[in-house]
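Written below as structure tokens is the structure these notes are about.
Read-outs throughout are calculated quantities, based only on the coordinates presented, and are distinct from any laboratory measurement. Note that the structure is predicted; figures quoted are calculated from it, not measured. All Cβ positions, even for glycine, are placed from backbone atoms using ideal geometry, and neighbour counts span all protein chains on display.
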Amino acid sequence: MSITMMITIIMFMLIAYFSTKKYLHIFEQCFLFFLLLVCYTSFLSIITVNLELWKLSEKSQHLIAFRLYGMLFVPITLLWAIDLWQTAKRSFYSSAVLIICLIATLFLGDFLLRNDEVYQYRQWNQWMSLIVWVITFLGALFAQKLFRILLRKEGILS
Amino acid sequence: MNPLPFPVDFNINEWFVILSLGISYIGIFLLPNRLPASILILIILFSATIARIFDHSLAGPNLNLYNLMDSGKYELFDFLSYLLYGPFAYVFLYIYQKYSIKGLYLLLYIAASSVLAVTYEWITVLFNVFTFEKWRSIYSYPVYLFVQSLTIVFYHLLQKHLPVKS
């Protein structure tokens, strides 16, 4: 059930992402996706293997769902949010709605996996997850700004 | 508990990673500039991402086909080892672009570089960067064939979106 669920929501995210207008250059999108994937999967390894703050299920289908969550669901959600931020940031209302939708989507993915016992929190709670997502979003946004400066300097972006 | 363990003893695998990083990054900066810095960053990130995907899937809990560095934990030097793939991908693409390798020569080029990649991986096993549990070097060969082909596809995607210089 967890794999089906995770693949379904990932497919929804992918279809939605690729069918909406893009505000970031393809280079920025690639840069952000790779950065988010490496950083978030590293975070998951630290949390589950090093610190053991989350307890992972040992069932293989749960592990697959967990890997898909870390490698696709969270990076694509954050990437899409950063892309939409480029236009939403001009209005307080739009940016507030975007942030609320982003947090709701990430909480949904986390809730669905915990509900299906893919992983359980040990010495962790939702507020800590929220802090991690906010830091990751802001960090990725900052990295995107720096990369954009480089692209402009090279004449790839006007 | 340390979130990202630093090695207690700097032994042969840590020194191998440090030396390899030093030599490979100095090497790519000594090569004449053919690609913009943004493309170099994307290639390094792309290579690190592919390596991370495979390690997260195959070296993680339960499957555990191999381990990196000293333990099954995710160490600082595990993270640094992902930066090793970038220079090799850059040199691979540098030669591909410089000699405009096409047709059946491309097949030979990818096949030969995959052999070199497996050989380098075997050397990293000798220096305890990788410890194979249920994995063997020969299994890596088709993986490198796939990854290097994907690298060329990615390179062409980047080239397609570079502005044409008049």
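Here are a few things to note about the model shown:
- Note on chain A: percent of Cα-Cα distances in each 5 Å bin, starting at 0 and stopping at the bin with the largest distance, equals 1, 8, 17, 21, 20, 14, 9, 5, 2, 1.
- FRET efficiency for A:I7 and B:Q97, using Cβ-Cβ distance with R0 set to 22 Å, rounded to 0.05: 0.05
- The angle between the Cα long axis of helix B:37-58 and the main principal axis of chain B comes to about 40°, on a 0 to 90 degree scale.
- Dipole of the protein assembly as shown computed with +1 at Lys/Arg Cβ and -1 at Asp/Glu Cβ about the Cα centre; of B:P163, B:I44, A:Y69, farthest Cα towards the positive end is B:P163.
- Candidates B:I110, B:I95, B:I152: whichever shows maximal mean-square fluctuation once chain B is modelled as a Gaussian network with Cα springs under 10 Å: B:I95
- GNM top mover of B:Y120, B:Y155, B:Y74 - chain B, alpha-carbon springs below 10 Å: B:Y120
- The mean number of Cβ atoms from other chains found within 10 Å of a Cβ in peptide B:78-88 is 1, as a whole number.
- Most mobile listed residue (A:K55, A:K22, A:K89) in chain A, GNM with C-alpha springs under 10 Å: A:K89
- Based on C-alpha pairs under 8 angstrom that are at least 6 apart in sequence, the stretch A:45-146 has a relative contact order of 39 percent.
- The stretch B:37-160, relative contact order [Cα under 8 Å, separation at least 6], %: 33 percent
- Modelled spin labels at B:L30 and B:L126, positioned 7 Å past Cα toward Cβ, are 2.1 nm from each other.
- Placing +1 on the Cβ of every Lys and Arg and -1 on the Cβ of every Asp and Glu, with no other charges, gives the stretch B:37-160 a dipole of roughly 440 debye about its Cα centre.
- Helix axis angle, A:126-153 relative to chain A longest principal axis, alpha carbon, degrees: 30 degrees
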